[in-house]
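Participant: One structure, as structure tokens, below. Some questions next.
The values are calculated or read from the model by the stated rules, or taken from the named source; none is laboratory data. Keep in mind that this is a model prediction, so the values were computed, not measured. No Cβ is skipped: glycine too gets one built from the backbone with ideal geometry, and neighbour counts run over all protein chains shown.
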Amino acid sequence: MTHNLLKGKRGIITGALDSNSIAWKVAQKAHAEGAVFTLSNAPIALRMGEIKKLGDETGSQIIPADATNMEEITALFQQSMDVLGGKIDFVLHSIGMSPNIRKNIPYDSLNYEFLVKSLDVSAFSLHKMLNVAKKMDAITEGGSVLALSYIAAQRAYPFYSDMADAKATLESIVRSFGYHYGKAKKVRVNSVSQSPTRTTAGSGIKGFDEFYDYADAISPLGNASAEDCANYCITLFSDMTKMVTMQNLYHDGGYSTTGVSTEVMEGFKQNK
Ligand SMILES: NC(=O)c1ccc[n+]([C@@H]2O[C@H](COP(=O)([O-])OP(=O)(O)OC[C@H]3O[C@@H](n4cnc5c(N)ncnc54)[C@H](O)[C@@H]3O)[C@@H](O)[C@H]2O)c1
């Protein structure tokens, strides 16, 4: 069932790589809720070709942009406004990558050039997008910018490596830029801290499957799916959440406030 929550709104959705991507589901839901938007991803990801299907399905133009490159981000905002016929109402930042994780380098001996890359792609890119958008005055008053985060920003998860540092930085940018953009233009900036989700980025993390099951067993509602996450993102793009800004919002089936579940305790009993 749809509610026309985004009727008349124009957006930019980054990070849809394939049909498992959280951004892919957000695009499908945004389309169903009446929004028009452009899709963007790094040029290398676009060459893999999958995103064209999503562009056809949602009637969206695809604009390549490396989210670490200020010129490409500027072109993304300018072309999106040209194509969509006006300022942007919502932006999804759904971007993450760690060369240290890709190359299986342990956290206590990180490669620092890779660390800089992880931070640039996964966190500073949000700052760069907000900086460009604010200078261009590309986002409407009351517009909503959303990034995706993970609870390793607050707690230690050994397998999450330097992505934990990137997510902590990302959430800090949400607060700090959210303040400045809110004051200047009433633009809202939030992050959604999502359950482990089976996507290319998620599954690239060592031990992901075991951890996915653990989180599912801890959370009273179980893990939140990518589709549920997309529904939540739609509410945050809509005018129903107009006064929500500078927040990191958990979307995790209750995981973040649960100490332990009976299922997990049962597992320990059996092992005695
Ligand atoms: N999957 C999970 O378990 C999980 C949990 C919490 C948060 N997240 C976050 O959700 C977001 C989306 O990830 P996903 O799980 O849908 O995986 P995904 O692999 O489908 O998406 C990650 C995207 O980042 C893009 N990207 C990488 N480098 C880029 C660059 N330089 N410029 C532009 N785009 C670039 C990739 O091409 C890809 O589309 C990420 O921020 C991720 O950290 C994921």
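Participant: Given the condition over 22 Å from Thr68 (Cα atoms) and either β-branched (Val, Ile, Thr) or touching a His at 6+ places or on another chain (Cβ under 7 Å) (or both), answer yes or no: does some residue in the stretch 154-173 qualify? Before the answer, list the steps.
Facilitator: Narrowing the stretch 154-173 to residues over 22 Å from Thr68 (Cα atoms): 154-159.
With the extra rule that they be either β-branched (Val, Ile, Thr) or touching a His at 6+ places or on another chain (Cβ under 7 Å) (or both), the set shrinks to none.
No.
Participant: Can you list residue pairs whose Cβ atoms sit under 8 Å apart, with the first residue in the stretch 188-203 being closer than 30 Å to Asp137 by Cα and hydrophobic (A, V, I, L, M, F, W, C) and the second being at pLDDT 90 or above and within 8 Å of the ligand (Cβ to nearest atom)? Count only pairs 6 or more apart in sequence or on different chains.
Facilitator: Pairs found: Val189/Ala147; Val192/Ala147; Val192/Leu148; Val192/Ser149.
Participant: Test Ala30 against the criterion of being in contact (Cβ under 8 Å) with a residue 24 or more places away in the chain, closer than 27 Å to Lys206 by Cβ, of a type in the set (Gly, Ala, Ser) and not in a strand (DSSP E or B), and give yes or no.
Facilitator: Criteria not met by Ala30.
Participant: Another one. Scan the stretch 2-43 for residues that are of a type in the set (Ser, Thr, Tyr) and surrounded by fewer than 19 Cβ atoms within 10 Å (Cβ to Cβ) and jot them down.
Facilitator: Within the stretch 2-43, Thr2, Ser19 qualify.
Participant: A follow-up question, please. If you check every pair at least six apart or on different chains, which have Cβ atoms under 6 Å apart with a residue in the stretch 6-20 that is over 16 Å from Gly34 (Cβ atoms) first and a residue that is near the ligand (Cβ under 6 Å from one of its atoms) and at pLDDT below 95 second?
Facilitator: Leu17/Ala45; Leu17/Thr200; Asn20/Thr199
Participant: Give the residue that is modelled with the lowest pLDDT, with candidates limited to residues of the stretch 33-61 that are in a helix (DSSP H, G or I), within 15 Å of the ligand (Cβ to nearest atom) and under 22 Å from Glu227 (Cα atoms).
Facilitator: Only one residue tops the list, namely Ala45.
Participant: Assuming Glu72 fulfils every condition listed in (1) in contact (Cβ under 8 Å) with a residue 12 or more places away in the chain; (2) within 15 Å of the ligand (Cβ to nearest atom); (3) among the charged types (D, E, K, R); (4) surrounded by 17 or more Cβ atoms within 10 Å (Cβ to Cβ) apart from one, which condition is it?
Facilitator: If we test Glu72 against (1) in contact (Cβ under 8 Å) with a residue 12 or more places away in the chain; (2) within 15 Å of the ligand (Cβ to nearest atom); (3) among the charged types (D, E, K, R); (4) surrounded by 17 or more Cβ atoms within 10 Å (Cβ to Cβ), just (1) comes out false.
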